[in-house]
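The values are calculated or read from the model by the stated rules, or taken from the named source; none is laboratory data. Because the structure is a prediction, the values reported are computed rather than measured. Using ideal geometry, Cβ is built from the backbone for each residue, glycine included, and neighbour counts are taken over all protein chains shown.
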Amino acid sequence: MKANRSALVAVDLQGENAAGGVWQVAGYESILANAAKTIEAARAAGIPVIYSRHALDPAGHDAQKHEPRDAEGRPLASRSDSPEVGICDEVRPQPGDVVFDKQRFSAFYGTKLDLLLSQVDAEHLIVLGCWTEACLETTVWDAIWRDYRVTLVLDACGSFNTFAHKVAMLDMANWLYGGQILLADEAVKAMAGQPYRGWTFSEPHAMHYTAETVDSLYAQLGG
C-alpha cells in the first residue's frame, strides 16, 4: 500500500446512524471503534483523511426531487440544521482532515471529491462508512469507474442490519476490480507497512452467493 498515493474516504459517519437515529445502523458503536483505529492509522501514515457528510438544505432546495418531505416541504432527514448530521465524536475530524457535504448517495456525485483526490495524487482509496448498500456502495462503484483501486474496511462499514451489509459487501467483492477487503486491524498493519492478511479481488463474480451461503462467503472476506 503506497501511502503517498492513497487517501482514506470515510462515508457518512454521522449521528443520525446512532441508536434511535433516523438512519440507525446495527452495531454502530463497534463500527465507529473500527473506523477510529483505521482513521488514526491513516493519519499516522501520512494518508489524507476525507469525510463525506450527507447534509441537505433545511428547506430542501438541493434534495432529490422525490425526497420524502414533511407537510412544509422540508426533508424528513439529514437536514444540515440538525445536530445529528454532524460527524460522530468517536471519529471526530482533526486539523488537516477534509469534510465535505453531499446531497446524493455517492460521495462523488455533484461533489468536489474527485478534485480533492487529484490534489493529493490519490490512485488508491481506503473506504469505510455507512450505509453499506446505499451511500457506501454507490461511492465504491463511482470510484471503480474512475479507475481508483479500492480497499474496503469490512468491519468499519454497516447498514440497518447485518444481512443487508453482508449482501452488499459480497456484491462489491464480485466487481471490486484491483481492490481488496480488509478487517480494520489488518488495514492498520497495511498502512504501517507490516505484513497483513485480507481478501483480494481475482476475478469477476467469484462470490456466487445465495440466501443460504451469504454467511459462509462473507466470512471469506475477513481473510
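General remarks:
Results for (1) under 30 Å from G178 (Cα atoms); (2) in a helix (DSSP H, G or I); (3) in contact (Cβ under 8 Å) with a residue 12 or more places away in the chain, shown as yes or no for each residue.
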| residue | (1), (2), (3) |
| --- | --- |
| M1 | yes, no, yes |
| L8 | yes, no, yes |
| V25 | yes, no, yes |
| S30 | yes, yes, yes |
| D62 | no, no, yes |
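- Test: residue in the range 163-178 that is in contact with a Lys or Arg (Cβ under 6 Å, 6 or more places away or on another chain) and closer than 26 Å to T111 by Cβ: yes
- The residues on offer are E90, E84, and the sole one that is within 25 Å of E186 (Cα to Cα) and assigned to a helix (DSSP H, G or I) is E90.
- Filtering the range 149-171 to residues that are over 13 Å from L125 (Cβ atoms) and either of a type in the set (K, R) or free of Cβ contacts under 8 Å to residues at least 60 places away in the same chain (or both) leaves F163, A164, K166, V167, A168, M169, L170, D171.
- Matching residues, the range 43-102, being among the polar types (S, T, N, Q), farther than 26 Å from M1 by Cβ and crowded, with 16+ Cβ neighbours inside 10 Å: S78, S80, S82
- Taken over the range 10-22, the residue count meeting the criterion of being touching a residue at least 40 places away in the same chain (Cβ under 8 Å) and either part of a loop (DSSP other than H, G, I, E, B) or among the aliphatic types (A, V, I, L, M) (or both) is 7.
- Within this structure, T162 fails the test of being closer than 30 Å to V22 by Cβ, in contact with a strand residue (DSSP E or B) (Cβ under 6 Å, 6 or more places away or on another chain) and not hydrophobic (A, V, I, L, M, F, W, C).
- Residue count, the range 105-128 (criterion: free of Cβ contacts under 8 Å to residues at least 60 places away in the same chain and closer than 21 Å to A156 by Cα): 3
- Restricting attention to the range 1-15, the residues being surrounded by fewer than 19 Cβ atoms within 10 Å (Cβ to Cβ), farther than 17 Å from L116 by Cβ and out of contact with any Asp or Glu (no Cβ under 6 Å at 6 or more places or on another chain) number 1.
- Scope the range 38-60; condition modelled with pLDDT of 95 or more and assigned to a loop (DSSP other than H, G, I, E, B); matching residues: A45, G46, I47, P48
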